[in-house]
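Chemist: Can you keep this structure in mind? I'll have questions shortly.
The values are calculated or read from the model by the stated rules, or taken from the named source; none is laboratory data. Predicted model only: the values in this text are computed from it and were never measured. Every residue, glycine as well, gets a Cβ built from its backbone with ideal geometry; the counts of neighbours run over all protein chains shown.
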2 protein chains.
Amino acid sequence: MTINRQWLLARRPQGDVRPDDFRLAEGAVPVPQDGDVLVRSLFFGFDASQRIWLTDDGGYMPPIMPGEAMRCMGIGQVVESRNPDYRPGDLVEGFMSWQDYCLVRADGPMPLRHLPQADYPISWNLGVFGVGGLTAYFGVADGLKVGPGDTVVVSAATGATGSLAGQIARARGAKKVIGIAGGPEKCRWIVEQAGYDAAIDYRNDDLGAKLKELAPEGVNAYFDNVGGDMLDELFLHMAPRGRILICGAMSSGYTDVKLQGPANYMRICTHQLTVQGILLFFYADQIPQGAAQLGQWVAEGRIHVEENRQHGFEKAPELLPTLFSGKAPGKLVLHIADPV
Amino acid sequence: MTINRQWLLARRPQGDVRPDDFRLAEGAVPVPQDGDVLVRSLFFGFDASQRIWLTDDGGYMPPIMPGEAMRCMGIGQVVESRNPDYRPGDLVEGFMSWQDYCLVRADGPMPLRHLPQADYPISWNLGVFGVGGLTAYFGVADGLKVGPGDTVVVSAATGATGSLAGQIARARGAKKVIGIAGGPEKCRWIVEQAGYDAAIDYRNDDLGAKLKELAPEGVNAYFDNVGGDMLDELFLHMAPRGRILICGAMSSGYTDVKLQGPANYMRICTHQLTVQGILLFFYADQIPQGAAQLGQWVAEGRIHVEENRQHGFEKAPELLPTLFSGKAPGKLVLHIADPV
């Protein structure tokens with residue numbers, strides 16, 4: 001009998017998520033019922049939204065309950081299918097969980113997606129062609145409507161989403177792209193690898209003074225992955241009719257859905273700003289065209305793709321907290337197994 | 001010699017604005033220079049934004065400095081003009097100040113506007129056809145894009161702007177219009193006079209429970225004049241892709257530009273909400289068509305106009321604080337003099 005390893009939620013985290021919020025279990029390989037697809041895990045992706053799913057509220061999805069396997073975005077190979085759209089051997093991406101074998105239903109808000117034939121690593125379907133890349137794409141293109149002449153700021157600019165958001169803004173003709181990150185090493189990466197025009201080190205620079213210097217006429221579009229004091233400060237530097245995209249709130253660690261609200265939000269009124277959210281669910285029918293555009297930019301060398309690949313099922317719980325602390329640039333993925 | 005009475009800012013208010021933040025003075029009638037228009041005051045309007053202009057920051061305009069006459073929106077009659085677009089006798093509306101005679105320049109962000117010939121009281125040009133009404137119109141039509149099927153909530157729904165916002169939403173075909181105000185009397189007015197479908201008394205009702213009951217499928221558009229805890233609660237009741245218009249923050253009394261930020265703002269992300277500001281300056285070239293649409297609705301009896309008219313120059317400082325406390329519904333105006 002094949003053993004199905006599982007990382008189950010041991011208890012709902014209080015504050016920062018910790019490795020011992022999860023416990024290892026072994027179970028039988030689940031048996032698909034009508035409509036189910038049984039998938040063998042190949043890669044797990046790590047996303048800040050996983051912390052939101054661990055709150056009582058769950059955010060935009062049902063909360064993960066203690067005793068359940070931890071939900072993630074993942075890549076897998078179909079083992080058995082009771083859904084006519086999927087066949088054994090198919091490589092797929094979508095909502096999975098921290099198990100060797102997951103039962104997946106294809107009828108959720110983001111149906112299980114077939115991986116395209118391509119000459120890049122399949123794990124990129126969790127990064128630049130996954131939730132992070134597509135969120136960055138629709139956030140910049142549709143939410144912020146970045147175009148020529150715009151001065152754009154991106155926070156958490158070495159993250160899976162942030163590292164792409166600025167490059168997408170640049171590809172769409174932005175005049176100036178500024179990234180914010182913590183520490184000189186990350187800031188160097190933003191400029192040298194991701195090709196941003198400038199970087200601000202929020203740990204060592206005076207954020208307000210730097211913004212004044214780099215964006216003297218104000219910021220037209222701000223891609224916010226951080227929230228907190230940084231969002232507060234950005235409000236003071238937005239140009240009239242500027243746009244802010246709320247993509248995340250890394251500053252909070254997502255320990256609760258109720259966060260520090262932006263105290264300078266009346267700038268929305270006095271400068272007629274637009275603040276918008278981004279949730280990929282609402283773009284489900286446009287994903288192929290978004291992925292195609294990203295693919296073209298990657299092929300043209302206009303987008304640099306960075307992946308932080310780790311190995312081994314057992315590492316999942318210890319990797320999740322590293323999303324919220326200092327970590328390497330790019331998309332964090334965990335390699336579980338190879339396709340057969 | 002004609003005496004020009006003036007209410008000057010005596011000191012920058014701390015917290016709530018008080019009548020003794022102003023002092024009475026008398027000066028000479030000012031002499032217009034090139035481009036100036038000398039206007040005799042007929043009506044002063046009262047607007048919450050006056051409190052913002054009194055902060056150190058000023059918000060979206062230069063702050064009023066101690067020793068200066070208090071700025072207001074007003075209606076006046078041209079006495080003398082060094083600007084070819086204005087002639088003695090003309091009735092005009094625009095930025096004025098608490099003086100019998102104001103020097104007005106017509107080249108600001110909102111040029112001095114000629115009053116149209118009409119069969120309604122000229123003071124309505126400060127209310128339904130003034131900043132409040134036009135802000136409500138562009139806020140509902142362009143900012144919130146209210147249309148058929150929308151469930152709309154308006155806070156401070158007896159105020160100069162709020163009392164019109166819901167009626168405009170209704171005129172544009174909203175499915176349900178809900179007003180929020182303090183006390184049973186105001187709530188009765190909202191339904192009986194302003195024709196809202198329902199009212200919520202935030203002092204006596206459980207706001208969250210009432211919103212669930214009245215908007216079980218969520219709120220599509222929220223016209224926010226209040227901010228604070230009320231905005232926080234509304235975030236929890238917005239339908240996916242809902243729109244919020246930030247028009248004001250009465251809960252703060254505008255004692256500072258830095259306010260209580262909305263702690264539930266991550267709903268912007270999880271529900272892909274759009275939060276937008278409204279500043280009439282950006283609609284300067286569309287004002288005639290906005291006023292024409294409002295005029296048509298008023299003529300058709302689809303908009304009920306309420307005015308709270310007071311009399312006497314000496315009352316200006318004591319009336320300003322009443323904007324932020326319980327007051328009568330509709331637009332507060334102070335009658336100074338009649339046209340000649």
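Chemist: Which condition number does A:Asp232 fail, the rest of (1) more than 15 Å from B:Cys269 (Cβ to Cβ); (2) touching a helix residue (DSSP H, G or I) at 6+ places or on another chain (Cβ under 9 Å) being met?
Modeler: Tallying (1) more than 15 Å from B:Cys269 (Cβ to Cβ); (2) touching a helix residue (DSSP H, G or I) at 6+ places or on another chain (Cβ under 9 Å), A:Asp232 fails exactly one: (2).
Chemist: Could I ask something else about it? All but one of (1) surrounded by 13 or more Cβ atoms within 10 Å (Cβ to Cβ); (2) modelled with pLDDT of 95 or more hold for A:Leu279, so report the exception by its number.
Modeler: (2)
Chemist: Further question: Considering the range A:268-283 alone, what residues qualify as being under 23 Å from A:Ala136 (Cα atoms), among the hydroxyl-bearing types (Ser, Thr, Tyr) and at the interface with chain B (Cβ under 7 Å from one of its Cβ atoms)?
Modeler: A:Thr274
Chemist: Taking A:Ala291 as meeting all but one of (1) within 13 Å of another protein chain (Cβ to nearest Cβ); (2) in contact (Cβ under 8 Å) with a residue 12 or more places away in the chain, write down the number of the exception.
Modeler: Here A:Ala291 meets the rest and fails (1).
Chemist: A further question on this structure: Identify, please: which residue in the range B:307-340 is of a type in the set (Asp, Glu) and under 24 Å from B:Gln77 (Cα atoms) and is, among those, surrounded by the fewest Cβ atoms within 10 Å (Cβ to Cβ)?
Modeler: This residue is B:Asp338.
Chemist: Is it true that some residue in the range B:33-42 is modelled with pLDDT under 95, within 19 Å of B:Gly108 (Cα to Cα) and touching a helix residue (DSSP H, G or I) at 6+ places or on another chain (Cβ under 9 Å)?
Modeler: No, the conditions are met nowhere in the range B:33-42.
Chemist: Is it the case, given these coordinates, that B:Leu259 is surrounded by 21 or more Cβ atoms within 10 Å (Cβ to Cβ) and modelled with pLDDT of 90 or more?
Modeler: no
Chemist: Looking only at the range A:11-28, which residues are buried (at least 18 other Cβ atoms within 10 Å of the Cβ) and in a loop (DSSP other than H, G, I, E, B)?
Modeler: A:Pro13, A:Val17
Chemist: Shifting gears a bit: With respect to B:Leu245, determine if the residue is touching a Pro at 6+ places or on another chain (Cβ under 9 Å), surrounded by 23 or more Cβ atoms within 10 Å (Cβ to Cβ) and either within 14 Å of chain A (Cβ to nearest Cβ) or not small (Gly, Ala, Ser) (or both).
Modeler: So B:Leu245 fails the test.
Chemist: Considering each residue of the range A:38-49, count those that are away from chain B (no Cβ under 14 Å) and either outside any strand (DSSP E or B) or not hydroxyl-bearing (Ser, Thr, Tyr) (or both), and give that number.
Modeler: 8
Chemist: A further question follows. Just to be sure before I move on: is B:Val78 in contact (Cβ under 8 Å) with a residue 60 or more places away in the chain, among the hydrophobic types (A, V, I, L, M, F, W, C), buried (at least 20 other Cβ atoms within 10 Å of the Cβ) and assigned to a strand (DSSP E or B) in the structure I sent?
Modeler: It is false that B:Val78 is in contact (Cβ under 8 Å) with a residue 60 or more places away in the chain, among the hydrophobic types (A, V, I, L, M, F, W, C), buried (at least 20 other Cβ atoms within 10 Å of the Cβ) and assigned to a strand (DSSP E or B).
Chemist: Can we say B:Ala118 is within 24 Å of B:His311 (Cα to Cα) and of a type in the set (A, V, I, L, M, F, W, C)?
Modeler: yes
Chemist: From the list B:Met266, B:Met230, pick out the single residue that is in the same structural domain as B:Ala194 (by TED's automatic domain parsing), hydrophobic (A, V, I, L, M, F, W, C) and without any contact (Cβ under 8 Å) to a residue 24 or more places away in the chain.
Modeler: Among B:Met266, B:Met230, only B:Met266 is in the same structural domain as B:Ala194 (by TED's automatic domain parsing), hydrophobic (A, V, I, L, M, F, W, C) and without any contact (Cβ under 8 Å) to a residue 24 or more places away in the chain.
Chemist: Let me ask something else. Looking for whichever is without any contact (Cβ under 8 Å) to a residue 12 or more places away in the chain and either small (Gly, Ala, Ser) or touching a Leu at 6+ places or on another chain (Cβ under 8 Å) (or both) here; the options are B:Gly301, B:Gly218. Which one fits?
Modeler: B:Gly301
Chemist: Can you spot a residue in the range A:224-232 that is over 14 Å from A:Asp142 (Cβ atoms) and within 7 Å of chain B (Cβ to nearest Cβ)?
Modeler: No - not one qualifying residue is present in the range A:224-232.
Chemist: Do we have any residue at all in the range B:42-54 that's under 18 Å from B:Ile75 (Cα atoms) and β-branched (Val, Ile, Thr)?
Modeler: Looking through the range B:42-54, none of the residues is under 18 Å from B:Ile75 (Cα atoms) and β-branched (Val, Ile, Thr).
Chemist: Still on this structure, please answer the following. Out of A:Arg203, A:Arg188, A:Arg172, which single residue is more than 14 Å from every other protein chain (Cβ to nearest Cβ), more than 18 Å from the chain's Cα centre (by Cα) and closer than 25 Å to A:Gln276 by Cα?
Modeler: When all the criteria are applied, what remains is A:Arg172.
Chemist: Something else about it: Please indicate, with yes or no, whether at least one residue in the range A:87-99 is in contact with a Ser or Thr (Cβ under 7 Å, 6 or more places away or on another chain), farther than 26 Å from B:Cys269 by Cβ, buried (at least 18 other Cβ atoms within 10 Å of the Cβ) and of a type outside the set (Ser, Thr, Tyr).
Modeler: Yes; the residues of the range A:87-99 include at least one that is in contact with a Ser or Thr (Cβ under 7 Å, 6 or more places away or on another chain), farther than 26 Å from B:Cys269 by Cβ, buried (at least 18 other Cβ atoms within 10 Å of the Cβ) and of a type outside the set (Ser, Thr, Tyr).
Chemist: Restricting to the range A:113-130, name every residue that is under 18 Å from the mean Cα position of the chain (by Cα) and either crowded, with 23+ Cβ neighbours inside 10 Å or among the charged types (D, E, K, R) (or both).
Modeler: Within the range A:113-130, A:Arg113, A:Asn125, A:Leu126, A:Gly127, A:Val128, A:Phe129, A:Gly130 qualify.
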